[in-house]
């Protein structure tokens, strides 16, 4: 397993390896968000594989907040898969009675989501700053960027949860994720993922527009 994680496809310059796990994660991640933006329930099947690949990639970089996110992401993915395909009678799409329609958060719900991100990101970042330094030193390597790692983690959780409920607002959250995640990947030396995050950003803008149309059509 660790041979797969660390398998180097080629090296850029003298000391920047391009790993197989980075490439696979990039491909499956991009496929997942493109399918979601196109309102396809098949994004969840791709998402299951993507979650497993992310777990391996973050383990390799000692990004513990992002790593611990993956089992939670799997649970949200399963929830979303069920909700998208088993809507209540008042939630059905006007175009497909077996599908969940797109809805929006209320403004109080949006303010609550924003406040939750700030509080949870700060708390998680503080805990991560202790892991490998004061706690379990010698067992875990210290997270190199704990607060940024935690911020990305919390934003992803919020975006995934909103996407599982098919809320239009999830794409606003994903745009913030893409920007902060690009910074995160560049900070730890990932090669493919910053490029993929840029593609995610473009897909997020297009998906924001697509889901706006679906919302107006009650689809």
Taking the conditions exactly as written (surrounded by 20 or more Cβ atoms within 10 Å (Cβ to Cβ) and more than 27 Å from residue 19 (Cβ to Cβ)), does residue 170 satisfy them or not?
yes
Taking residue 179, is it part of a helix (DSSP H, G or I) and out of contact with any helix residue (DSSP H, G or I) (no Cβ under 6 Å at 6 or more places or on another chain)?
yes
Hey, any hits in segment 99-107 for a residue that's part of a helix (DSSP H, G or I), over 21 Å from the mean Cα position of the chain (by Cα) and exposed (fewer than 12 other Cβ atoms within 10 Å of the Cβ)?
yes
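The rows are residues; the columns are (1) within 30 Å of residue 141 (Cα to Cα); (2) in a helix (DSSP H, G or I); (3) without any contact (Cβ under 8 Å) to a residue 24 or more places away in the chain; (4) under 12 Å from the mean Cα position of the chain (by Cα).
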position	(1), (2), (3), (4)
159	yes, yes, yes, yes
172	no, yes, no, no
184	yes, yes, no, no
199	no, yes, no, no
206	no, yes, no, no
210	no, yes, no, no
214	no, yes, no, no
May I ask you to list the residues in segment 34-66 that are part of a helix (DSSP H, G or I), modelled with pLDDT under 80 and out of contact with any strand residue (DSSP E or B) (no Cβ under 8 Å at 6 or more places or on another chain)?
61, 65, 66
Of everything in segment 79-92, what is surrounded by 14 or more Cβ atoms within 10 Å (Cβ to Cβ), in contact (Cβ under 8 Å) with a residue 24 or more places away in the chain and out of contact with any strand residue (DSSP E or B) (no Cβ under 7 Å at 6 or more places or on another chain)? Give them in sequence order.
79, 80, 81
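The values are calculated or read from the model by the stated rules, or taken from the named source; none is laboratory data. Bear in mind the structure is a predicted one, so any value in this text is a computation, not a measurement. Methodologically, a virtual Cβ is constructed for each residue, glycine included, from the backbone with ideal geometry; neighbour enumeration extends over all protein chains shown.
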